[in-house]
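Each value in this text was obtained by applying a stated rule to the coordinates, not by laboratory testing. In this text the structure is predicted, and so the values were computed from the model without any measurement. Methodologically, a virtual Cβ is constructed for each residue, glycine included, from the backbone with ideal geometry; neighbour enumeration extends over all protein chains shown.
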Amino acid sequence: MKKFGILFIVAIIAALALFMWGKNKYNTMVNMDEQVKTAWSQVENQYQRRLDLIPNLVNTVKAYAAHERATLEGVINARANAAKTTIQADGLNTASMQQFQAAQGELSSALSRLMVVVERYPNLKANENFRELQVQLEGTENRIAVERMRFNETAQAYNTYIRTFPNNAIAGFLGFEQRPYFAAREGADRAPVVDFGDAE
């Protein structure tokens with residue numbers, strides 16, 4: 001009877017230790033997952049900032065270069081496509097990330113084409129409103145690059161944690177899945193060119 005009591009106490013202590021260990025692992029995974037979601041929010045905030053700048057940019061260009069209709073419509077359409085291609089933090093996976101990046105890449109390309117057109121209009125480049133938009137857009141592109149890098153770093157820490165043993169068994173059992181990374185498109189190792197040159 002005494003032996004049974006000792007075994008019972010040992011079993012309870014072992015179960016409690018196992019519970020505390022599992023709880024700690026689970027809470028760490030939740031915390032790291034939330035950090036990934038927060039990093040994703042910051043990425044989305046910067047992309048949204050870029051989307052918000054584009055209508056003013058297009059309207060300013062239109063005032064000086066109205067006959068560049070195809071280029072302006074390309075930017076507007078790419079913006080609309082990028083605006084509707086969103087991902088909730090819980091829905092981050094490789095396929096949704098690729099779709100998001102493709103839409104943002106189309107918008108970056110359209111903006112680059114618009115900047116080439118702008119070079120033909122010295123009066124537009126000298127416009128104070130346009131120059132202010134230029135500064136804001138350049139700043140936003142830099143912020144996007146920084147937030148993407150932070151997201152990748154946060155996702156890497158989380159992915160590494162849930163893939164190491166024995167965390168991988170716990171993560172698999174509890175439904176924690178790897179998060180995708182931002183991957184640079186071929187030839188997109190820098191932000192879109194938004195340098196309008198010196199005003200003439």
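Brief remarks on what is shown
- Sequence-distant lysines (8 or more away, or on other chains) whose Cα lies within less than 29 Å of residue 23: 37
- Between the range 102-158 and the range 1-38, the alpha-carbon centres lie 49 Å apart.
- For the chain, calculated [θ]222 nm from helices alone, where every DSSP H run of n ≥ 4 adds -39500 (n - 2.57): -27000 deg cm²/dmol
- Largest first, the extents of the alpha carbon coordinates of the chain on the three principal axes equal 96, 26, 25 Å.
- Estimated FRET transfer efficiency (residue 7, residue 164; beta-carbon r; R0 41 Å; 0.05): 0.80
- Packing rank of 25-35, 81-91, 142-152, 104-114, where each peptide gets the mean count of other beta carbons within 10 Å, highest leading: 104-114, 142-152, 25-35, 81-91
- Entry note, the range 53-180: relative contact order of 29 percent, from Cα contacts under 8 Å with a spacing of 6+ residues.
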